[in-house]
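See structure below.
Since every read-out is calculated from the coordinates, none of them should be taken as a lab result. Remember, it's a predicted structure, so these values are computed and weren't measured experimentally. Here the Cβ positions follow ideal geometry from the backbone for every residue, glycine too, while neighbour counts run over all protein chains shown.
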Amino acid sequence: MGMPEMSNTAKGTAYELFVQALYQTLHDADGFDDIKIEHNKTDLVGCSGCAHQIDVYWEFTLAGQVYRTAIECKAFDGTVPIGRIRDFFGVLADVPGLQGIFVSLFGFQSGAKQYAEHYGIALKEIRPPTDEDREARIEKFCLRTFIITPEITQLRPDVTQAYLSTLKPDEQIDASFLGSNYDSFIVDSAGNHVASYEEIRQMLPTNNLPATDVVETLIFPNCYLNASNGQRIPIDSVTVQYDVHVEIEHADILGEQTAKAIMKDVKSGGITFFDTDGGVRSVRK
């Protein structure tokens, strides 16, 4: 994490806050941004009557059921021994329904892994990524963005035959529309919005390919053209002639420059990358 030299206590606290922030990122990415993740919770009382200190903690209620999770953090310079897992299990056993996660910088000894798996304690390594970790990550990827824009060159409202039959031989239809691209261009019989000029443009099929003079008829049953003269002219459809413009933008992104931390599940080997821009991406080995 690039932490400067500090006391073991200060290093441990910094690591706990780092883990708290990463789990908040995970919750946000999963759509649970309303769950508060606490640091250094000291008022969790177990069945024994003893209050326990929890490094990172959250809880939420779903369908009347309270779900609690406690995280124990160790920023040791080596692997975590079984004794630390036993101590943590004592806390979990004292608080009904409390789920446990134990995280460390450099992994766990074999006995610790065996003990944790037997008692259902999840083990995670949370640390900066190494070259070995990056083998599971795309080091460089090319991003191509396609900007596809249909441009209307001609638009003709297809007036109903019933309405045309009511016109005098020399009577003209004023189908002009002077509103903005986002105003109600097509309305229903009560005058409610159905489609604007911009929405009609977005309905046009493009096949993601450049094209010219494409003709498409969009059906609007029982609808009306909202003409500038205040008339509502009944239509069956709108026939549109348009061109399709395609622009391609390229960008190269280096994965190693965007990753700030990883979370490795000790049991499955799955890795979650946390990027500097707040992105989260999981890789299953």
Nearest-ten-degree value, helix 8-29 long axis tilted from longest Cα axis of the chain
30 degrees
Hey, in the GNM for the chain with a 10 angstrom Cα cutoff, which one of A211, A29, A112 fluctuates hardest?
A211
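Would you calculate, for the chain, the mean residue ellipticity at 222 nm contributed by helices, counting each DSSP H stretch of 4 or more residues as -39,500 (n - 2.57) and dividing by all residues, to the nearest 500? Walk me through the numbers before you get to the answer.
Details: 7 runs with 63 residues, N = 285.
After summing the helix terms and dividing by the residues of the chain, the value is -6000 deg cm²/dmol.
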Indicate, rounded to the nearest 5 percent, the antiparallel portion of the DSSP beta bridges found entirely in the range 8-127.
50 percent
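For the cross-link pairs K113/K260; K41/K74; K124/K260; K41/K260; K36/K267, which exceed 21 Å when the distance is taken from alpha carbon to alpha carbon?
Numbers: K113/K260 26 Å; K41/K74 16 Å; K124/K260 16 Å; K41/K260 26 Å; K36/K267 27 Å.
In this structure, K113/K260; K41/K260; K36/K267 lie more than 21 Å apart at Cα.
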Suppose we keep just the DSSP beta bridges with both residues in the chain; what percent of those would be antiparallel, to 5?
85 percent
From the phi of every residue in the range 184-194, what ³J(HN,Hα) in whole Hz does the Karplus formula 6.51 cos²θ - 1.76 cosθ + 1.60 yield, where θ is phi - 60° and glycine or proline is x?
6, 8, 10, 10, 8, 5, 8, x, 7, 4, 10
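Roughly how big is the chain's charge dipole about its Cα centre, with Cβ charges of +1 (Lys, Arg) and -1 (Asp, Glu), in debye to the nearest 20?
For this selection, approximately 1280 debye.
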Electrostatic dipole magnitude of the range 8-127 [Cβ: Lys, Arg +1; Asp, Glu -1; Cα centre; debye, to 20]:
380 debye
Projecting the Cα atoms of L167, N229, V246 onto the charge dipole of the chain, where Lys and Arg contribute +1 and Asp and Glu -1 at Cβ, the residue farthest towards the positive end is V246
I need the shape label for the range 144-249. Rule: rounded when a/c is under 1.5, else prolate if a/b > b/c, else oblate, with a, b, c from the alpha carbon gyration tensor.
prolate
